[in-house]
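The values are calculated or read from the model by the stated rules, or taken from the named source; none is laboratory data. None of these values were measured; they are calculated from a predicted model. We place every Cβ from the backbone using ideal geometry, glycine too, and count neighbours over all the protein chains shown.
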Amino acid sequence: MPYLPAGQARETLLFGCFALFGLSLLATLVMLPVVFARLVTRGPLPLALTPTLFLVLGPLGQSTTAVGTFAEVAPAVVSAPDSRGFAVLAVLYGVPVMGFALLWLCLATAHVMRARRHGMGFAMTWWAFTFPVGTCVTGAEALARHTGLVAYEALATGLYVVLVAAWAVVAALTVRGLLSGELLAAPRPVPVAPRPATARTTSGAGR
């Protein structure tokens, strides 16, 4: 946005990005109940798919980051009342959404720990531990800037440590899987259950 000429160009980009923020937010609000209902009605996901629960953190952390960015660029684009509204939105939206993100992080972590106890091995779905957590890092950092609270700075630092550890573990396991050929091997065929035997009878069988 700073590279665009002041006036219509900047305002169009700002409100266009804000419209895309609303589009993705509504899509998330549609999908979240579906994911949660799946967990409630049908139980935990298959072991290999359990890490994908972390993907829910992506839109939560990224949307918090987005509203924080809007508040930072708005003063150079729109007048004071409107730019102040973006700053208020960054806090009023970001704080509860980040709270829900932390709740979901605990839920997803509990499911992953259960899956590990039941024998979940490494799969490419483990990369879901990286990007979604990264969006929560940037979201917490945005809240730290707009609220001035040390708690959010500590949260961003803690999540960043988790993010670096996740990247290191997943990258190492991926390289090991590629070198050993496990990740390149074709999937094993699913065994086919034998058909149940059926007996045929005729009217003259007893004669």
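It is to be established whether one or more residues within the range 92-108 are surrounded by 11 or more Cβ atoms within 10 Å (Cβ to Cβ), over 21 Å from Val162 (Cα atoms), more than 19 Å from the chain's Cα centre (by Cα) and modelled with pLDDT of 95 or more. Yes: one or more hits. Taking the conditions (1) aromatic (Phe, Trp, Tyr); (2) buried (at least 16 other Cβ atoms within 10 Å of the Cβ); (3) over 28 Å from Thr147 (Cα atoms) in turn, Phe86 satisfies each one other than (3). Take Val40 and decide whether it is out of contact with any strand residue (DSSP E or B) (no Cβ under 8 Å at 6 or more places or on another chain), in contact (Cβ under 8 Å) with a residue 12 or more places away in the chain and of a type in the set (A, V, I, L, M, F, W, C). So Val40 fails the test. Only one of the numbered conditions (1) farther than 30 Å from Ala71 by Cα; (2) modelled with pLDDT of 95 or more; (3) in contact with a Leu (Cβ under 8 Å, 6 or more places away or on another chain) is violated by Phe122, and that is (2).
Report yes if Thr69 is assigned to a helix (DSSP H, G or I), hydroxyl-bearing (Ser, Thr, Tyr) and surrounded by fewer than 19 Cβ atoms within 10 Å (Cβ to Cβ), otherwise no. Break it down stepwise before answering.
Working: assigned to a helix (DSSP H, G or I): yes; hydroxyl-bearing (Ser, Thr, Tyr): yes; surrounded by fewer than 19 Cβ atoms within 10 Å (Cβ to Cβ): yes.
When the stated conditions are applied, Thr69 passes them.
Applying a threshold of 9 Å to beta carbon distances and a minimum spacing of six or more residues, or different chains, the list of pairs starting in the range 166-187 at a residue that is farther than 21 Å from Thr130 by Cα and ending at one that is among the basic types (Lys, Arg) and surrounded by 11 or more Cβ atoms within 10 Å (Cβ to Cβ) reads Glu182/Arg176.
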